[in-house]
Structures are given as structure tokens and as C-alpha cells.
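The values are calculated or read from the model by the stated rules, or taken from the named source; none is laboratory data. Quick caveat, the model's predicted, so the values are computed rather than measured. Methodologically, a virtual Cβ is constructed for each residue, glycine included, from the backbone with ideal geometry; neighbour enumeration extends over all protein chains shown. The area values use the complete protein model at the heavy-atom level, side chains included, leaving out ligands, DNA and RNA. Shrake-Rupley method; radii C 1.70, N 1.55, O 1.52, S 1.80 Å.
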Amino acid sequence: MTKSIHEIRDPIHVFIRLNSQERRVVNSRPFQRLRHIHQLALTYLVYPSATHRRFEHSLGVMELAGRVFDVITSQHNVSNDIRSLIEPIQGELPYWRTVLRMAALCHDLGHLPFSHAAEKELLREGWNHERITRSIIESDEMAAIWSQMIPPLATTHIVKLALGKKEAKDLEFSNWEAILSEIITGDAFGVDRIDYLLRDSHHAGVSYGKFDHYRLIDTLRILPSSRPSDETGSSEPALGVQEGGLHSAEAMLLARYFMFSQVYFHRVRRIYDIHLKDFLKERLDGGSFSTQIEDHLRLTDNEVTAALLEAARRADEPGHLHADRIVNRRHFRLLYERNPDDVKKNPNAGKSVFDALCANFGEEHFRHDRFSQTGGAPDFPVELRNGEIVSSFVKSETLNRIPVVSIDNLFAERSIYEEAQRWFEDNRNDIVRPPEKEN
């Protein structure tokens, strides 16, 4: 097969280049479906230009994955400590570069309509979008593409790199495979994160997500882990950064904090997600999405949007109230948000407020949205100018100070909002008082 180079214009990366084998994946049914899956769910109702899709994001992740691979495998960027990891597969580098780019293309194939908005509660137990992604990669339709490539690609390799060790727990990863999967899914330098921060901030029209990703990528290296070695004296290598790129890494992780606090956790954006989840619970068979591949491929944002519009117009349609709140902008209003003084008195202040209001006015009039990120900034190795490898937490004071994003919001239906707000303010001290200690 002739590997002609094709170019796609992109607002983030200018040009994304792919060969004919990669274009076969782009032209496949599962990938074309991503043209109809919004990257940021209903965020466009708050940030009107945030209408971009998983399609272009996945192309961007592939582009960045190829760039990172070229940097970290370049001979003059590989230290003597790491050379033993690269040399045994030196002749296989073109194969692994292809696998990495294919995995990057496919990493989001399992996303449900409107992406993360309703995935956690609307899939049956044991399923998430990563598991659906794996089912698609392993499907007969995609396996036929992998087998016809030159050279043929192992489906298991694509699964490992697309999902990473956390989601593909049943598969054993070599150190090399772990490094490559980290390029896509890593908490510190995963190109999935790099692209969505740059792309989401661009389309939302905000500056929070911008950072010098060119400098960051140019200074990425495979480094000995900065963590203590195990009992055998060995230490798994990890994706790290040279000292000269540390400020770019700090900027990216600060960008992540600001994007979460200012965009992803925007209060109106969050309540729209809740209304959408409530709508889908009433519309879907059994209140959950099907995990059958054919059902999955047939369902996109388009079908859900059409159902929303129909239900908003007709009071006898399932989910009418929830659809009306979204389509006609009658969403619940923020009545209470996380307050540091309240948290000092009562760590579960938000839940106490929610319970009190529900008991007095009825649960159907309120929604509680509580979320806290697990952990702070990730730890990664930093190569100092003298060649020493240290933890990022040792070298960077900034990373030690990045806050964890926490929200604890309570929303009220508009018809009782003012009454509920007055009642809450009159009874606030009693509601958020410290919990009584058990004897």
C-alpha cells in the first residue's frame, strides 16, 4: 500500500499530516461518528463557540503523539541509562510509531453522546467509555484494518497504548509499552490532555488553557523514575522533562487547574449536564446506554439533540421537564456553593444544606453537585542540568502549591428559588453547624 501523505488544516496544530493507512482509520465508521460527538457536551450553551468535536481532538492527539515519539526516541535524546530500553527494539521503532498514532486516533471511540456529561451514571456496572473503546478496537471491523496494514498491527498493542495500564489491567505491559501508553494517557504529559487544554481554551474563547507546548515536547525525555526503586534495585523508567522545560510543565498543570475551575466546573455548565443526565434516564431503555457496538455507533449527539427538541415542545414526551430546562434555558439556579468557612464547621456542609432543603421543600426541586479532584499535581522525574534525576516535587515549588479543584454546589428550581433562598439564610447557622460527636 502506498503511504501518501494527506494534510488536514487545524486551528491548533496548523496542519495535521497522516498517511493512507491512518486515513483508513479516519474513514472508518467508528471514527467518523466522532464528527457528531461534542468535545465539551453542552458547554456551548455557556461558551457559544465551544462547539468542537471529538473528531478533531483525536486527530490532534495523533499529531502530538507522533511528535513526542520522535523526540524521546531520537538517539541524541536517549541517555545511557535508558539506551537499553530503546536498543532492543531499534529496528521496530517505525512499527511502534504507527501503533502509537493509531492508538491516539482511537482513544476516544467509546465516548457516548455528549461525552462525559452522563457517562458515569448511565452505563451499567463495570462499563465505562474506555471499555467500549476497547471493544471497538477489538471488533471485526477494526481488526480487518489492523491486519491489512503493512506491517500488520497487533490489536493488543493498540489497546494497551490507547487505554493505558489503569484501564487495561488484565494485560501485562513491558516498560516500553508503559512509556508509550503514558504518551497518550499519562497524568503528567499525556498528549490527550495537552490537546484538549489547548483546543478547549481556543474554542471557548478563554486564555486559561494556553502554555508553551512546543518547548514542553522538545524537552520530554524517557528518564529513570525519581521514585524509590523496588526490592530488586530496579526502577521503572518514566516520561519526564529536562530542567529547561520545567516551567512549561508547570504552566500546563496550572492551565489544567484554571480550565477546570473556570470552564469545566462552571456552575451553569454543570447544571446543564445534570439536566441532560436526568433527561436521558427517562428516555433510554432501562435508563442506561447500550454497550453493544452497533447500538453505540448509531447513537450520537444528533439523535439526542433531536429528542431534546421534541420533548421540550411536547408535554406528553418522556423527559419533557428536563428537556424544557435545557432547550428553553430554565435550568435550576445556584442556591449554595462551597464555602470555606462552612467547611471548617462541617466538612459535609453541602450535603447538610441539600438534605435540609429537600426535607422542607421536596427533593424534586433540588440538585446537589459535589466533586473533588483526587490528588494534586502529578509527580514526574526532572533531569537537572548536571544529569541528576529528581522528583518534580523537589524541584518545583509551584507544583506543590497547585490547589485541588473542589465543588459543592446546590441548585434550586426557579419556581421556589427565592423562597428556598430566604428559608436557607434564616436557618443557615443551624443547617451548617458542626455535626454532633458520637459517644
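In the range 48-108, counting only helices (runs of 4 or more DSSP H) that sit wholly within it, the ones holding 2 or more residues that are in contact with a Lys or Arg (Cβ under 8 Å, 6 or more places away or on another chain) and open to solvent by less than 20 Å² (accessible area, probe 1.4 Å) span 54-73.
Scan the range 336-351 and give yes if some residue there is hydroxyl-bearing (S, T, Y), more than 18 Å from L276 (Cβ to Cβ) and at pLDDT below 95, otherwise no. No, the range 336-351 contains no residue that is hydroxyl-bearing (S, T, Y), more than 18 Å from L276 (Cβ to Cβ) and at pLDDT below 95. Scanning the range 331-343 for residues that are in a strand (DSSP E or B) and crowded, with 18+ Cβ neighbours inside 10 Å turns up L335, Y336. If you go through the range 265-305 and keep only what is buried (at least 16 other Cβ atoms within 10 Å of the Cβ) and of a type in the set (D, E), you end up with D273, D278, D301. Name the single residue that is most open to solvent (accessible area, probe 1.4 Å) among those in the range 5-25 being of a type in the set (D, E) and in a strand (DSSP E or B). Going through the qualifying residues, I end up with E7. Considering only the range 388-423, state which residues are in a loop (DSSP other than H, G, I, E, B) and either open to solvent by 30 Å² or more (accessible area, probe 1.4 Å) or closer than 30 Å to H331 by Cα (or both). Once the filter is applied, which keeps residues that are in a loop (DSSP other than H, G, I, E, B) and either open to solvent by 30 Å² or more (accessible area, probe 1.4 Å) or closer than 30 Å to H331 by Cα (or both), the range 388-423 yields E388, P403, V404, V405, E413. Residues in the range 113-131 that are buried (at least 23 other Cβ atoms within 10 Å of the Cβ) and at pLDDT 90 or above: P113, F114. Inspect the range 226-242 for any residue being out of contact with any helix residue (DSSP H, G or I) (no Cβ under 7 Å at 6 or more places or on another chain), at pLDDT 95 or above, surrounded by fewer than 21 Cβ atoms within 10 Å (Cβ to Cβ) and not in a loop (DSSP other than H, G, I, E, B) and give the result as yes or no. Checking the range 226-242: at least one residue is out of contact with any helix residue (DSSP H, G or I) (no Cβ under 7 Å at 6 or more places or on another chain), at pLDDT 95 or above, surrounded by fewer than 21 Cβ atoms within 10 Å (Cβ to Cβ) and not in a loop (DSSP other than H, G, I, E, B). Annotation note: of L309, L280, the sole residue that is part of a helix (DSSP H, G or I) and within 24 Å of the chain's Cα centre (by Cα) is L280. Filtering the range 167-176 to residues that are modelled with pLDDT of 95 or more and either among the hydroxyl-bearing types (S, T, Y) or assigned to a helix (DSSP H, G or I) (or both) leaves only E167. Working only within the range 370-387, note down all residues that are of a type in the set (S, T, N, Q) and either exposed (fewer than 14 other Cβ atoms within 10 Å of the Cβ) or assigned to a strand (DSSP E or B) (or both). Of everything in the range 370-387, those that are of a type in the set (S, T, N, Q) and either exposed (fewer than 14 other Cβ atoms within 10 Å of the Cβ) or assigned to a strand (DSSP E or B) (or both) turn out to be S372, T374, N386. Would a scan of the range 28-43 turn up a residue that is among the polar types (S, T, N, Q), farther than 21 Å from L198 by Cβ and open to solvent by 60 Å² or more (accessible area, probe 1.4 Å)? Checking the range 28-43: not a single residue is among the polar types (S, T, N, Q), farther than 21 Å from L198 by Cβ and open to solvent by 60 Å² or more (accessible area, probe 1.4 Å). Beta carbons closer than 8 Å, at least 6 apart along the sequence or on distinct chains, pair a first residue in the range 250-266 that is closer than 18 Å to N409 by Cβ with a second that is assigned to a helix (DSSP H, G or I) and open to solvent by 20 Å² or more (accessible area, probe 1.4 Å) for V263/R269.
Taking the range 132-144 as the range and being open to solvent by less than 10 Å² (accessible area, probe 1.4 Å) and farther than 16 Å from T291 by Cβ as the test, only M142 passes. Restricting attention to the range 344-364, the residues that are free of Cβ contacts under 8 Å to residues at least 60 places away in the same chain and either in a strand (DSSP E or B) or buried (at least 20 other Cβ atoms within 10 Å of the Cβ) (or both) add up to 1.
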